[in-house]
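These notes are about the structure you will find just below.
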Amino acid sequence: MRYRIEHRTGYHYDAPVSRCRNEAHLRPRDTDRQVCVWSDLVVDPAPTGWNERTDFYGNPVASFVVDGPFVEMTVTATSLVDVVDGDPLPAVGPGWHEALDLLTNDLSPEMLDAREFCFESPLVSTAKVVRDYAEPSFVEGAPLVDAVTALMERIHADFVYDPGFTTVTTPLDEVLQHRRGVCQDFAHLAVGCVRSMGLAARYVSGYLETAPPPGEERLVGADASHAWLSVFVPGWGWLDLDPTNDKIVGSTYVTTAWGRDYADVSPLKGIVFGGGNSHFLDVAVDVHRVEVEPT
Amino acid sequence: MAGYHAPPGRTDEFLDADGAVRTRWKQVADAVDGYGRDGLLSRRDELARLLRNEGATYNVAVDGHSLRRPWTLDPVPLVLDPFEWAGLERAVAQRSALLDLVNADLYGDRTLVARGLVPAEVVLGHPAFLRPCAGINRPGANRLFLTAVDVVREAAGGFRAVADRAQAPSGLGYSLVNRSVLSRVLPTLHRGAGVERQAGFFRAIRAGIARAVPDDVDEPRVVIMTPGPLSETYFEHAYLASFLGYPLVEGRDLVVQNNRVWLRSLAGLDPVDAVIRRVDDRWCDPVELRADSLLGVPGLLEVVRRGRVAVLNPLGAGILESPALAGLLAGMAPALLGEELALRGPESWWCGRPDGLSHVLAGFDDLLLLPVQPAAGTRPVRPLLLATAERAALRDRVRARPGDWVGQEILAPSTVPTVGDGGGLVPRPAVLRTFAVADGPADGFGARDFRLLPGGLTRVGAETDSLVISSRGDGTSKDTWVASAEPAFQQSPWLPSGRAASGPVIVPELPAALPGRLAARLFTMGRSAEHAELVVRLIRTVLARLDQPLGSGDDGGAQSLQVLLSALGSASGFTPAPEDEDLPVPDGDAPGPGSLAEGVLPNDRTALALLFDEGVQGSLVSTLGVLVEAAYSVREQLSADTWQLVSDIEEELGLFRRRPPTQFVGAQPSLLRLQRSLLALSGVCAENMERDPAWLFLDGGRRLERARSLVRLLRSVLVEKRSGVVEDLLVESLLTTSESLIIFRRRAGSILHVSGALDLLVYDVANPRSVLFQLDRLVAHLAELPKRSSAQRLGNEERLALEATTLLRLTDHDRLAAVDPGTGRRSELDSVFATVDSLLGDLLDSLQRTYFAHERLSVLAGGQPEVGGGAT
């Protein structure tokens, strides 16, 4: 499947900004199941400084400086990405105890890389409340894949999708208490649950192709960026799961970046000089399927 | 030292196991015996006085406020044997070399983790491991520059390392100031003991910086970055800056542009090649590290990544201070250095490993518990000293999050004789902070040599059995003497001399650029000193009136007193300019919320409030507070003489604050002392300061304030024409307050007419207290300041100052003194002075915008996924 993704972020300030310095995680990375064929990042007003590198996790990062004065800034990322379905799930796979043992004691490069995602991170706690929520899914002797699938189903069933209730920094215990949130809350919660059991899980940011309601046309810009989690299954690899939609991630999902949590991969972050006391932000995302000529 | 007894069961530095004085102490012991109890106490007092004059303080946070505590020093140094020191020196150098390699490994390939020498969680689970700092593969990047290792001598006599400081070690400045004051108080002993000098170490620091900067830089431009005057060790940031000759800056004084770091100086942007940071790494770059930090420089890390600036120590090195890592160093040494670790720490157990946890829980009461992530204010805990319930709660916390804790064997540090309250010597536990600087090329990836500061900073506990000894605690500090095997030379930190003649000759850099923030503080210091002086003068004039009989039948005295008191109110609208706002807050044109309105009765209470109420804007006490704070924040710009006066003023201020006088009479002597100190301060600034931009701002602040207060005072007193006697008394008071009465009498005789007074106080450019004298100086200062824009036209500030001058010159003293017959007011004086006042206010705002303003930073919100996509 080939997608054309346009992700536009507009900033509006109530006083002139004299300069800002930003980092963008907006260029989709290559993964086992996707290739970013083309990608373009356009900033208006034009940046006066531009650097690109890959971060600690191998995600592309663009850092740029925009000199003002300006009161509006737009960052538009346009990408073409080819995506395929992941490998079929392992029929049985390792038990979660077995995975825990390997992650704790095995020093192979693969396990060490996964260890990076076993610990608490700035936005993901593994406190007792989180583990208490996780434990019922991790049945004694259960295969890891079954345990995390069960966890995903429970989150989907127990939590209400409620935009506006949380912010990016709402802690997990509050999400747990109120049982509501949006995709990144559910991803953070699931990541925390898996890590609280000593296992490895990472936070994935990306996009999801949305289907219009039956009989209606797709609305351009009606999509949004999305977030889910990926769990390390020793001997098999990383398994992506979407607790918001209770789905194993497949070819309708495009990955932008992964990290320990949202803070590692936020689409845009930075520091503004000036700009007054408040600003508002509008984000428009359009995920569009592109027909590829057979070659 | 006959009465000194060492406690049993541990090593004493001074006495050996048989109670005999150790050989290395003989000289000190003889001298101390000679001093006697009284001699020791008087020397301790003298040290305290000298330290106060140096402004040596240690800031502690108390209830969210930063409190400046005097730094203290015990007269008896810790004496180390040169051969024993040589061994310790090698061991600390080795430990430092190891820390350096560990840092490079953790931020490189992490082979220590892959080889199982360091559990992944100890690094990857620790918030001080800064991922954006990883993978910078430039040679020399991520190499340590300066380390500090705290060592104690244990009961068996050997040294052990109890803490490693690897990101921004503190204590060097205190160590310097300790040596400086102790050698002045005990000159004969210090010279006779042949103490190893410290200067060579500071030369090595300067040489090391030169090696750490990019290759194409010939004369590195170096800054020391401080979190600011409220940070615990601000004193030594300023002290080191002036000792090493580098500008002291805050994060906001620096800016990243075109992939370089620049210092915002008065003249514009000056490039910076090396940043010696005293800011913890997580706070150094809000773009890539802590976004909520206002202490850092946005974009700093990107410049580091490109190799265009050296940050010392490298960002990320804070991870090395984790107690969990310290316990693993012995295992890492053979792998990284091919040697056994010479200086071991206490036995320790990280609870993140099951065997470590069970060991710690089993021996809980005999261990010291350390959090793996020391937060501000956390201290190691000794469970034995906790109440039963607290102890159980701590066990639960350790069990719940074992990876957050380390259990450590408790060492009993050796004791050292310390002057007790009565002058007798008492044994106190000592921790020695040693300092090591990398002393060799940084271009490779192998182990580097480290060179030590001879001795270091010794801190002693307040009690014989103190376990935790830190500068925050109640103990004191000591100088540390390593007897030199060779004769000592007088050495400067810049020029190699004597035996250290190897290596390049290093000369001080070009005069350091003045950061705008510093200029603002110097300006505030000048203004507040002037304002304080005016208030003291005025109040003393008023007090002189109160002492005089009010005259019979005619109440001229009382009436003039009332006028003066309300004038005092109107002249007290002093507000220091704000530092961190985009736009200046208007200066106190109207009387502030707490200041006096017109027409108040001259009762003691309101007038006293003008002096001693901290909440009254422009009161003497609040102005002195501003003065002292400003002086502390420009500490490194002030000479020793200047500083002495500042500390005298601070002492008077402290007295006022502790016991605000309830009557004028009692305040007189204090006010007189204060006036003398303030006068001396102004004299010392005029006589001893180089005429550089720093002085231009200090003096400019004084001139502007003096001109403006005088204009306000004259306007408030003279606009209304009063009866003859009252006006005479007022004119006399104005002249007295302006120190101009004698010259007036010489010129005009005894007739106190307003026109003559105005001539002298406004127009006489030969009178250093006249308004035009101030404005002419101000115009000259402004012309000398570096221009930000094209030099063709006048700067806005110059234009405003000239406009005020011209306005005054276009009229004259007779016209100003003329009374409007209809209203009985001096309307020309009123309108001209009102305009001059407002022009000077605009000038203040304009200076603020041009030179002092620092724009507010805010965090750019990320484009967060707000909607999660519906079902597909």
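The values are calculated or read from the model by the stated rules, or taken from the named source; none is laboratory data. Note that the structure is a prediction, hence the values are computed from the model and not measured. For neighbour counting, all protein chains shown are included, and Cβ atoms are generated from backbone atoms with ideal geometry for every residue, glycine included.
Numbers at a glance
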{"item": "Test for B:Arg95: is it of a type in the set (Lys, Arg) and surrounded by fewer than 16 Cβ atoms within 10 Å (Cβ to Cβ)", "result": "no"}
{"item": "Number of positions in the range B:245-262 that are in contact (Cβ under 8 Å) with a residue 60 or more places away in the chain and either surrounded by fewer than 23 Cβ atoms within 10 Å (Cβ to Cβ) or of a type in the set (Asp, Glu) (or both)", "result": "4"}
{"item": "Residue in the range B:112-134 that is modelled with pLDDT under 95, surrounded by fewer than 18 Cβ atoms within 10 Å (Cβ to Cβ) and acidic (Asp, Glu) present", "result": "no"}
{"item": "Positions within the range B:371-392 being in a helix (DSSP H, G or I) and more than 29 Å from B:Ala120 (Cβ to Cβ), in sequence order", "result": "B:Leu384, B:Leu385, B:Thr388, B:Ala389, B:Glu390, B:Arg391, B:Ala392"}
{"item": "Search result, residues across the range A:90-131 that are touching a strand residue (DSSP E or B) at 6+ places or on another chain (Cβ under 7 Å) and under 19 Å from B:Arg131 (Cα atoms)", "result": "A:Ala114, A:Phe117"}
{"item": "Residue match in the range A:76-87 (condition: within 13 Å of chain B (Cβ to nearest Cβ) and modelled with pLDDT of 95 or more)", "result": "yes"}
{"item": "Filter result for B:Leu368 (modelled with pLDDT under 95 and assigned to a helix (DSSP H, G or I))", "result": "no"}
{"item": "Members of the range A:53-73 that are away from chain B (no Cβ under 11 Å) and touching a Ser or Thr at 6+ places or on another chain (Cβ under 8 Å)", "result": "A:Asn59, A:Pro60, A:Pro69"}
{"item": "Any strands (runs of 3 or more DSSP E) falling wholly within the range A:30-103 and containing at least 2 residues that are in the same structural domain as A:His7 (by TED's automatic domain parsing) and surrounded by 19 or more Cβ atoms within 10 Å (Cβ to Cβ)", "result": "A:34-44, A:60-83"}
{"item": "Residue ID - farthest from A:Leu208 (Cα to Cα), chosen from residues in the range A:1-29 that are assigned to a loop (DSSP other than H, G, I, E, B) and within 12 Å of chain B (Cβ to nearest Cβ)", "result": "A:His25"}
{"item": "Elements of type strands (runs of 3 or more DSSP E) contained in the range B:28-125, each with 1 or more residues being hydrophobic (A, V, I, L, M, F, W, C), within 14 Å of chain A (Cβ to nearest Cβ) and farther than 30 Å from B:Ala640 by Cα", "result": "none"}
{"item": "In the range B:416-455, the residues that are within 30 Å of B:Leu384 (Cβ to Cβ), in contact with a strand residue (DSSP E or B) (Cβ under 9 Å, 6 or more places away or on another chain) and part of a loop (DSSP other than H, G, I, E, B)", "result": "B:Gly420"}
{"item": "Top-ranked residue of the range A:120-162 - restricted to ones that are in a loop (DSSP other than H, G, I, E, B) and touching an Asp or Glu at 6+ places or on another chain (Cβ under 6 Å), ranked as nearest to A:Gly192 (Cα to Cα)", "result": "A:Thr126"}
{"item": "Meets criteria (closer than 30 Å to B:Pro429 by Cβ, within 14 Å of another protein chain (Cβ to nearest Cβ), part of a helix (DSSP H, G or I) and at pLDDT 90 or above) for B:Val177", "result": "no"}
{"item": "Test: residue in the range B:270-290 that is at pLDDT 90 or above, closer than 27 Å to B:Gly208 by Cβ and aromatic (Phe, Trp, Tyr)", "result": "yes"}
{"item": "Top-ranked residue in the range A:133-182 [being farther than 30 Å from A:Glu98 by Cβ and among the aromatic types (Phe, Trp, Tyr); ranked as nearest to the other protein chains (Cβ to nearest Cβ)]", "result": "A:Tyr161"}
{"item": "Which numbered condition B:Asp759 misses (of (1) charged (D, E, K, R); (2) touching a Lys or Arg at 6+ places or on another chain (Cβ under 6 Å); (3) touching a residue at least 40 places away in the same chain (Cβ under 8 Å))", "result": "(2)"}
{"item": "Scan of the range B:17-55 for residues that are under 22 Å from B:Trp85 (Cα atoms) and either surrounded by fewer than 15 Cβ atoms within 10 Å (Cβ to Cβ) or basic (Lys, Arg) (or both), ordered by number", "result": "B:Ala17, B:Ala20, B:Arg22, B:Thr23, B:Arg24, B:Lys26"}
{"item": "Selection status of B:Gly618, at pLDDT 85 or above, out of contact with any strand residue (DSSP E or B) (no Cβ under 6 Å at 6 or more places or on another chain) and crowded, with 21+ Cβ neighbours inside 10 Å", "result": "no"}
{"item": "Residue ID - nearest to A:Val168 (Cα to Cα), chosen from residues in the range A:227-242 that are over 12 Å from the mean Cα position of the chain (by Cα) and of a type outside the set (A, V, I, L, M, F, W, C)", "result": "A:Gly237"}
{"item": "In the range A:220-270, the residues that are within 12 Å of chain B (Cβ to nearest Cβ), assigned to a loop (DSSP other than H, G, I, E, B) and of a type in the set (A, V, I, L, M, F, W, C)", "result": "A:Ala224, A:Val249"}
{"item": "Selection status of A:Val130, facing chain B (nearest Cβ under 10 Å) and surrounded by 18 or more Cβ atoms within 10 Å (Cβ to Cβ)", "result": "no"}
{"item": "Tabulated pairs, the range A:107-129, first over 20 Å from A:Tyr262 (Cβ atoms) and among the hydroxyl-bearing types (Ser, Thr, Tyr), second modelled with pLDDT under 95 and buried (at least 21 other Cβ atoms within 10 Å of the Cβ), C-beta under 9 angstrom, 6+ apart or interchain", "result": "none"}
{"item": "Qualifying residue in the range B:265-278 (condition: over 26 Å from the mean Cα position of the chain (by Cα) and farther than 20 Å from A:Phe273 by Cα)", "result": "no"}
